[in-house]
1. Evaluate the distance, in nm, between pseudo-label points positioned 7 Å from the Cα of residue 30 and of residue 73 along their respective Cα→Cβ axes.
2. What does the extension gain come out to for residue 62 and residue 92, with contour length at 0.36 nm per residue minus their alpha carbon separation?
3. Any idea what angle helix 2-100 forms with the longest principal axis of the chain, computed on alpha-carbon atoms, 0 to 90 degrees, nearest 10?
4. Specify which residue in the list 86, 75, 54 is farthest towards the positive end of the charge dipole of the range 32-100, using unit charges on the beta carbon of Lys, Arg (+1) and Asp, Glu (-1), about the Cα centre.
5. Straight-line reach only, C-alpha to C-alpha below 25 angstrom: list the lysines that residue 67 could link to, leaving out same-chain residues fewer than 8 apart.
6. Hey, if you put +1 on the Cβ of every Lys and Arg and -1 on every Asp and Glu Cβ in the range 5-80, which of 63, 12, 42 ends up farthest toward the positive end of that dipole?
Amino acid sequence: MHDNADIQSAQAELDRAVDSLEVGIGALMSRMRTLETGAQDSDAFREDRAKLAAQLDDMAAEAQNAKARLEAREAEFTKLTQDSEAELDMVMKVVRGALGE
């Protein structure tokens with residue numbers, strides 16, 4: 001009979017060990033799911049960051065192009081103003097000359 005009691009005691013201890021192992025595995029699985037979710041969020045964050053960096057680069061290039069176009073237009077208007085002033089000076093000389101005669 002003593003062997004039967006030892007077997008039952010060993011089985012009860014084995015059952016407790018299996019239950020404890022199941023609880024531990026459950027906790028590990030839960031932690032793993034949490035980490036996987038965090039990793040997915042991190043990947044999504046990296047992708048969003050890369051997209052935003054690309055958009056920022058595009059916007060910076062557009063701003064640089066707009067600045068270059070503005071500088072070209074300013075140079076064009078400066079030249080046009082100088083040409084107009086020179087032409088007005090010439091017209092004024094002709095008018096003064098005609099009035100002086």
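1. 6.4 nm
2. Full extension from residue 62 to residue 92 adds 6.4 nm.
3. That helix lies at roughly 0 degrees to the long axis.
4. Final value for the positive-end residue is 86.
5. 51, 79
6. 63
Only the coordinates and a few stated rules stand behind these numbers; no lab work does. Only a predicted model underlies this, so the values are computations on that prediction, with no experimental measurement involved. Cβ coordinates were reconstructed from backbone atoms using ideal geometry, including for glycine residues, and neighbour counts include every protein chain displayed.
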